[in-house]
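Trainee: Here's a structure for you.
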C-alpha cells in the first residue's frame, strides 16, 4: 500500500467520526493558539519597552547623584545631592560626547486665566532638545541666551495645553502663565509623543535651568545630567570619560566609591529586553503545557480507535495488509489530527493576540519563528503520541483480531 492510499484511508476514518475528531483536535487548537498568543504578547511588550527606552534619548547616558549610607543602610540612587551645575562643564563635548544637559525638576501648579493644572517642570539647557530628540510643533525651544539671562520662558507639552484650555490646538505662544505664582512667557509647544512609560513628555513644561533653580526650587543641586554619546559604539567610551571627569571634579580618591552613578542606555535596554524575553519564554512554556495535554488526548482517542477497529485490522491483515501499512495508517491519523489542530490554532492565536493587544492597548508581534515552532511541535506531538497506538494496532495477531467481539 502506498503513502497516498494510507492517507486516503486515514482521512476517511477520521471523517466517519467527525465530532470525536473535532474534540480531539480541540486540545491541540487551544495549545497552539495559547502559545502563539502569549509569545505574540511577549514580543509586543519587548518591542514596546525597547521603543520607550530608545525614545528617552539618542545614545543616552544618565548621570545621577549617589546613594546615602547611614549605619550600613544604603539609600536609593539619588538619595544624596552630589551633582551641581559646574559638573556639567567638566564633561567635555567633542568627538565622543555630542551634547550635555543638566536637569533640575519639580512639580508645580500652573495657572492661565481660569484654567489650572499640576504638572512637572523641567529646568535644563538648550542641549536638552538634541539629547531628548524634542520636536517643536510651534514656537521655539529655550536657547543659551535664555539660560544665561535667567529668562522666565517656558515650552509646554500638548497635554498641559489641553489641561489648561480644554483644547490642544489653543494658541498660547506669547501668552503669560503662572507657575507657582511666578509669571512665565510661553515660547513654544512640543509635538505630542505619548508616554514613555516613565514620564510623559507631553505633560511637562521645560524652562531654563537657571530660572527654575532661582524661582521655583531654590536649590543649586541637579536631579541628573543627561549626556548624548556621538554614536552607539562610543557609549562605553563616553561613560568612562564621564566617570573620570566627575571623579576628578569631586576629588574622589582611587579605591573610594563614587558619589554618583552613570547609567548606560544600552545596559538598561539589554537588561529590560532580557527580562521581557524571559517572561515571554515563561508564558510560552506555560501555554505549551496544553500542547502536551492535547497530545495525550490524541493518544487516548487513537487507543480507543484501535480497540473499536480491531476486527477491521484483522480483516485487512488477513487479506494481505502488512504490519507497516497498519502502523502507517494509524500514525497518519494521529498526525493529521495534530497538524489540522495546529493550523487552526495558529489562525486563532494570531487573531486572539491581536484582540488581546487591542483590549490591553498594547502592540503585539507574531514572529515567523514562533509560528514555525508551534506548528512543528504540534506535528511532532502527533508523531510521538501516535506511535504507541499505531504500534499496538500493527502488532495485532490477525486471528485474534478476527475473533474479537
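Trainee: Name the residue that is surrounded by the most Cβ atoms within 10 Å (Cβ to Cβ), counting only residues in the range 248-273 that are farther than 21 Å from residue 60 by Cβ and without any contact (Cβ under 8 Å) to a residue 40 or more places away in the chain.
Mentor: 252
Trainee: Mind telling me which of the residues 40, 66, 75 ends up being at pLDDT below 75, crowded, with 18+ Cβ neighbours inside 10 Å and under 35 Å from the mean Cα position of the chain (by Cα)?
Mentor: 66
Trainee: Could you please find all residues in the range 233-274 being assigned to a helix (DSSP H, G or I) and modelled with pLDDT under 80?
Mentor: Scanning the range 233-274 gives 265, 266, 267, 268, 269, 270, 271, 272, 273, 274.
Trainee: Restricting the search to the range 289-313, which residues are under 29 Å from the mean Cα position of the chain (by Cα) and crowded, with 20+ Cβ neighbours inside 10 Å?
Mentor: Within the range 289-313, 291 is the sole residue that qualifies.
Trainee: Given 205, 209, which one is in contact (Cβ under 8 Å) with a residue 12 or more places away in the chain, under 30 Å from residue 95 (Cβ atoms) and surrounded by 16 or more Cβ atoms within 10 Å (Cβ to Cβ)? Walk me through it before giving the result.
Mentor: Numbers: 205 fails: under 30 Å from residue 95 (Cβ atoms).
After applying the criteria, what remains is 209.
Trainee: Regarding residue 359, is this residue without any contact (Cβ under 8 Å) to a residue 24 or more places away in the chain, in the same structural domain as residue 45 (by TED's automatic domain parsing) and closer than 26 Å to residue 38 by Cβ?
Mentor: Yes.
Trainee: Taking the criterion of being under 30 Å from residue 370 (Cβ atoms) and assigned by TED's automatic domain parsing to the domain that holds residue 104, would at least one residue in the range 292-299 satisfy it?
Mentor: The answer is no; no qualifying residue exists.
Trainee: Only one of 14, 61 is within 26 Å of residue 147 (Cβ to Cβ), outside the structural domain of residue 212 (by TED's automatic domain parsing) and either surrounded by 15 or more Cβ atoms within 10 Å (Cβ to Cβ) or modelled with pLDDT under 70 (or both). Can you tell me which?
Mentor: 61
Trainee: Still on this model: I'd like to check something: does the range 130-140 contain any residue that is outside any loop (DSSP other than H, G, I, E, B), within 24 Å of residue 64 (Cα to Cα) and assigned by TED's automatic domain parsing to the domain that holds residue 181?
Mentor: Within the range 130-140, one or more residues are outside any loop (DSSP other than H, G, I, E, B), within 24 Å of residue 64 (Cα to Cα) and assigned by TED's automatic domain parsing to the domain that holds residue 181.
The values are calculated or read from the model by the stated rules, or taken from the named source; none is laboratory data. Quantities reported herein were computed from a predicted structural model and do not represent experimental measurements. We place every Cβ from the backbone using ideal geometry, glycine too, and count neighbours over all the protein chains shown.
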